[in-house]
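Inspection log for the structure reproduced underneath, given as structure tokens.
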Amino acid sequence: MPVLSFIMQVLRIAVPYLFAASGGVVAERAGVVSLTLEGFMLSGAFGATLGSYYSGSPWIGLLCGLLAGLFAAALHAIASLRFRADQVVSGIAINLLAVGATRFFLRFAFDSSSNSPRVPGFGGQGGVFGAFANPVVWIGLLTVPAVAWLLARTPFGLRVRAVGEHPVAAASVGVPVARVRYLAVAASGVLAGLGGAYLSLDQHQFTDGMTAGRGFIALAAVIFGRWDPKRVALACLLFAAAETFQIQLQGAQLIPSQFVEMIPYVLTIVALAGVVGRAAPPAALGKAE
């Protein structure tokens, strides 16, 4: 039973990683650097909190989280694609903007600099299998096969892969490179926004900086999984298992908490150290047309 409980907790914790990493795969396969996943997730978390609080419906909250992620993605797409800003610089700017904007509007909307009031969320907290009562968990688990099918089996997926590898060649046969990249970044924002919305609705509130680096870990999963949706999903599960192990060690109080909290991030560094240099990213990643 403890093993089953551990597995269920891993799946629950993996959901935001699966959402964000799936979005990162789509954007990076189109040639756009996804350093923005943290900002998209934080925007989605706050948007979901606002929507759920003022409407009283977690579904409206989920929709608002999706739209908040899309809005942040639009800013990144306009800066990096329309005005040709450096994609890494734009990504850092979006992340910083999300941190500052959510902190400002948290105080503006709820008169608090730390957390929002309790908001309606989805069920799924009770029992070993309680997480599966949350419909967003099912959506998150289905996201990876959906993205894998999209990239491998659809004309849009073919265009995304072509634009990410050889944009000039793709343009020469009539593929609208800029439009495909805009749509890929928009999909990234929507998916990462859903990951952030899951966090705030699962915890029934928004807390300042609640994503806590999950967007960067999701990006690490994209790289560690070598931009393949199936491998990326396994990487997300690995990082979620590390986080679950960290939580259980904190409860046991066998090791100082500061060292325990380092576990997911140390694993991220180790994983990237083993794959960077051996994995070939999309050839046009981070490059203008």
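The values are calculated or read from the model by the stated rules, or taken from the named source; none is laboratory data. Keep in mind that what you see is a predicted model, and the values were worked out from it rather than measured. Ideal geometry is used to build each Cβ from the backbone, glycine not excepted, and the neighbour counts take in all protein chains shown.
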- Taking the residues in the range 194-230 that are among the charged types (D, E, K, R) and in contact with a Phe, Trp or Tyr (Cβ under 8 Å, 6 or more places away or on another chain) as candidates, determine which candidate is surrounded by the fewest Cβ atoms within 10 Å (Cβ to Cβ). D202
- Task: For the range 115-127, state whether one or more residues are surrounded by 14 or more Cβ atoms within 10 Å (Cβ to Cβ) and touching a strand residue (DSSP E or B) at 6+ places or on another chain (Cβ under 7 Å).
- Result: yes
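How many residues does the range 46-56 hold that are surrounded by fewer than 15 Cβ atoms within 10 Å (Cβ to Cβ) and touching a residue at least 24 places away in the same chain (Cβ under 8 Å)?
The number of residues fulfilling the criteria is 1.
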- Item | Pair list, Cβ under 7 Å, 6 or more apart: the range 57-81 residue under 21 Å from D202 (Cβ atoms), other residue among the aromatic types (F, W, Y) | P58/F122; A68/F46; G69/F40; A72/F40
- In the range 237-286, what count of residues is obtained for those that are at pLDDT below 65, of a type in the set (G, A, S) and either surrounded by 16 or more Cβ atoms within 10 Å (Cβ to Cβ) or within 21 Å of M8 (Cα to Cα) (or both)? 2
- Query: Take the residues of the range 5-45 that are within 19 Å of P145 (Cβ to Cβ) and in contact with a Pro (Cβ under 8 Å, 6 or more places away or on another chain): which is surrounded by the fewest Cβ atoms within 10 Å (Cβ to Cβ)?
  - Reply: E28
- Message: Which condition from (1) over 15 Å from V190 (Cβ atoms); (2) touching a helix residue (DSSP H, G or I) at 6+ places or on another chain (Cβ under 9 Å) is the one that G56 breaks?
- Response: (2)
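Given the range 70-184, what helices (runs of 4 or more DSSP H) lie entirely inside it while holding 3 or more residues that are within 30 Å of P2 (Cβ to Cβ) and in contact with a Phe, Trp or Tyr (Cβ under 9 Å, 6 or more places away or on another chain)?
Filter on the range 70-184 gives 135-153.
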- Message: Every residue in the range 207-220 that is in contact with a Leu (Cβ under 8 Å, 6 or more places away or on another chain) and either at pLDDT 95 or above or assigned to a helix (DSSP H, G or I) (or both), please.
- Response: R214, G215, F216, A218, L219, A220
